[in-house]
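K.L.:
Following this message is one structure expressed as structure tokens.
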Amino acid sequence: MTFKLPPLPYDLSALEPHISEKTLSFHYGKHHHGYVNKLNELLVDSPLASKDLETVILETSGDAQKAAIFNNAAQVWNHTFYWNSMKPAGGGEPGKDLLKRIEKDFGDFDGFCTKFKEAAITQFGSGWAWLVEDQGHLKILKTGNAETPLTHKGVTPLLTCDVWEHAYYLDYQNRRPDYLDIFLKNLANWNFAEQNL
């Protein structure tokens, strides 16, 4: 199986002015595409070459000898999930069913936003902030580098925000908190989160 760069769910300019076409072009066209290409290189003549992406991630997680495969495979998956976690004219509150779940587990929507931003801002270095379902409860996770909730048994990822610097630096420089505010107010794709739930 040769992995291909999945198409973006919107045009490169569709998230402006919140995420510029230049940022999306570099992030998707260079970084994400680079992970796809590197993964294909690493899988040549490997027994994993015939597996789907999720299987490759699960079978290489925690194996130091396969760390390069895991990192590239997980980054392909994480980035694809991230693109779908945003949409033009997104953000704001989710629909009533998901909102009720958020209010049950975080007190209210503002409480969720505060905790989500805190997780994303305090992720040291590169990584991800996630809204997940874990054993019937909504929780927030943060993962470093290429780590992904896929490797956590019983955890279903619902929404993610990429906090690697290449996700926001051209537009926000070192202002990660501003990027997180914009993500939640203007970009978060709650329909996608509801479908995952």
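Values in this text are rule-based calculations from the coordinates and carry no lab data. Owing to the predicted nature of the structure, the values given are computational and were not obtained by experimental measurement. Every residue, glycine among them, receives a Cβ derived from its backbone with ideal geometry; neighbour counts consider all protein chains shown.
K.L.:
Between S25 and L99, what is 0.36 nm times their sequence separation minus the Cα-Cα distance? Round to one decimal in nm.
P.N.:
23.4 nm
K.L.:
Residue farthest toward the positive end of the dipole of the stretch 96-196, with Cβ of Lys/Arg at +1 and Asp/Glu at -1: which of F192, N174, T151?
P.N.:
About the Cα centre, the residue reaching furthest to the positive side is T151.
K.L.:
From the cross-link list K66/K153; K30/K153; K87/K142; K104/K185; K30/K104; K4/K117, which pairs have alpha carbons spaced over 29 Å apart?
P.N.:
Checking Cα-Cα distances, K30/K153; K30/K104; K4/K117 exceed 29 Å.
K.L.:
Relative contact order (percent) for the chain, with alpha-carbon contacts under 8 angstrom and 6 or more residues of separation?
P.N.:
Relative contact order comes out at 25 percent.
K.L.:
Of H137, H31, how do they rank once you tally other Cβ atoms within 10 Å and put the fewest first?
P.N.:
The most exposed by this proxy come first: H137, H31.
K.L.:
Here is a further query. Going by amide H atoms built from the backbone, whose H comes under 5 Å of the H on G91, apart from near neighbours?
P.N.:
L187, A188, N189, W190
K.L.:
Which net charge results when you count Lys and Arg as +1 and Asp and Glu as -1 among the other residues whose beta-carbon is under 13 Å from that of E118?
P.N.:
For residues surrounding E118, the net value is +2.
K.L.:
Let me ask another. Which FRET efficiency, nearest 0.05, do T122 and D11 yield, Cβ-Cβ r, R0 41 Å?
P.N.:
Using R0 = 41 Å, I get an efficiency of 0.80.
K.L.:
Please arrange E133, E41 by how many other C-beta atoms lie within 10 Å of their C-beta, fewest to most.
P.N.:
E41, E133
K.L.:
Where the only charges are on Cβ atoms (+1 Lys, Arg; -1 Asp, Glu), what is the dipole of the stretch 96-196 about its Cα centre, to the nearest 20 debye?
P.N.:
So the magnitude is around 140 debye.
K.L.:
Given Cβ point charges of +1 (Lys, Arg) and -1 (Asp, Glu) and nothing else, what value in debye, to the nearest 20, does the dipole of the chain about its Cα centre take?
P.N.:
That gives the chain a dipole magnitude of about 80 debye.
K.L.:
Measuring from label point to label point, each 7 Å out along Cα→Cβ, what is the L48 to E165 span in nm?
P.N.:
Computed distance between label sites L48 and E165 equals 2.8 nm.
K.L.:
Among S20, V56, H79, whose Cα projects farthest towards the positive end of the dipole of the stretch 13-102, with charges put on the beta-carbon of Lys, Arg (+1) and Asp, Glu (-1)?
P.N.:
Of the listed residues, the answer is S20.
K.L.:
Tell me which residues come under 5 Å, amide H to amide H, from V163 once H is placed; ignore anything under 5 positions away on its chain.
P.N.:
Amide H to amide H, under 5 Å and 5 or more residues apart or across chains, V163 pairs with G127, W128, A129.
K.L.:
In the neighborhood of S61, defined by Cβ-to-Cβ distances under 12 Å, what is the net charge if each Lys or Arg adds +1 and each Asp or Glu adds -1?
P.N.:
-2
K.L.:
I would also like to ask the following. For the chain, what are Rg and Dmax over the alpha carbons, in angstrom?
P.N.:
Answer for the chain, Rg first and Dmax second: 16.5, 51 Å.
K.L.:
Can I ask one more? Could the peptides 120-127, 164-171 be put in order, highest first, of the mean number of other beta-carbon atoms found within 10 Å of their residues?
P.N.:
Averaged packing, sorted descending, gives the order 164-171, 120-127.
K.L.:
What are the semi-axes of the equivalent ellipsoid of the stretch 121-192, taken as the square roots of 5 times the eigenvalues of the Cα gyration tensor, listed largest first and rounded to whole Å?
P.N.:
22, 15, 9
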